[in-house]
Amino acid sequence: MSEVHDQTDPQIRILRRRKQKMLTHWEKYHLIPEYRRFTILAALLNIISRTGRSRAHLQEIKDYIKDPHVGDKDLKFFMNLFQKDLDSLVTAGLIEGSLELRPTEAGYELFRKNMRTVFGFDFRLQEIETP
């Protein structure tokens, strides 16, 4: 971590960096529900575009998203957040399935509209055909 020498309380440091829009992926995942849901959708679409399949397995999505810096103590927290956000995507009609997941047409559309503008990151997807 680049702020090893910073003795500031971690919560204050995260809030300061959030204000400066300098959060890491993992800090955003902890703090911003929209970022988590969008990350799940983006991971699903990225796996689909890379493999050429129409669906992705739940475990593939978890593995794709999990930050290598996440320790064991954070893993349970990550899985709880992941499950809640996955459920909200299914409820919103953006993803369908339980173990083998696929985006719905609304999910594709949301992703197309927001990929670059909402969070300022690009998953470098190949152009995806809507099913």
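So here's what we get for this one:
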{"item": "Enumeration of residues in region 94-106 that are under 18 Å from HIS57 (Cα atoms) and modelled with pLDDT of 90 or more", "result": "LEU94, ILE95, GLU96, GLY97, LEU99, GLU100, LEU101, ARG102, PRO103, THR104"}
{"item": "Pick from region 25-44, criterion among the hydroxyl-bearing types (Ser, Thr, Tyr) and touching a residue at least 40 places away in the same chain (Cβ under 8 Å), ranking: nearest to HIS69 (Cα to Cα)", "result": "TYR29"}
{"item": "Which listed residue, of ILE32, ILE95, ILE47, ILE65, is in contact with a strand residue (DSSP E or B) (Cβ under 6 Å, 6 or more places away or on another chain) and farther than 14 Å from LEU110 by Cα", "result": "ILE47"}
{"item": "Tally, over region 107-131, of residues that are at pLDDT below 75 and surrounded by 11 or more Cβ atoms within 10 Å (Cβ to Cβ)", "result": "10"}
{"item": "Test for ILE40: is it out of contact with any His (no Cβ under 9 Å at 6 or more places or on another chain), of a type in the set (Val, Ile, Thr) and in a helix (DSSP H, G or I)", "result": "yes"}
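The values are calculated or read from the model by the stated rules, or taken from the named source; none is laboratory data. None of the values given here were measured: they were computed from a predicted structure. Heads up, the Cβs are rebuilt from the backbone with ideal geometry, glycines too, and the neighbour counts pull from every protein chain shown.
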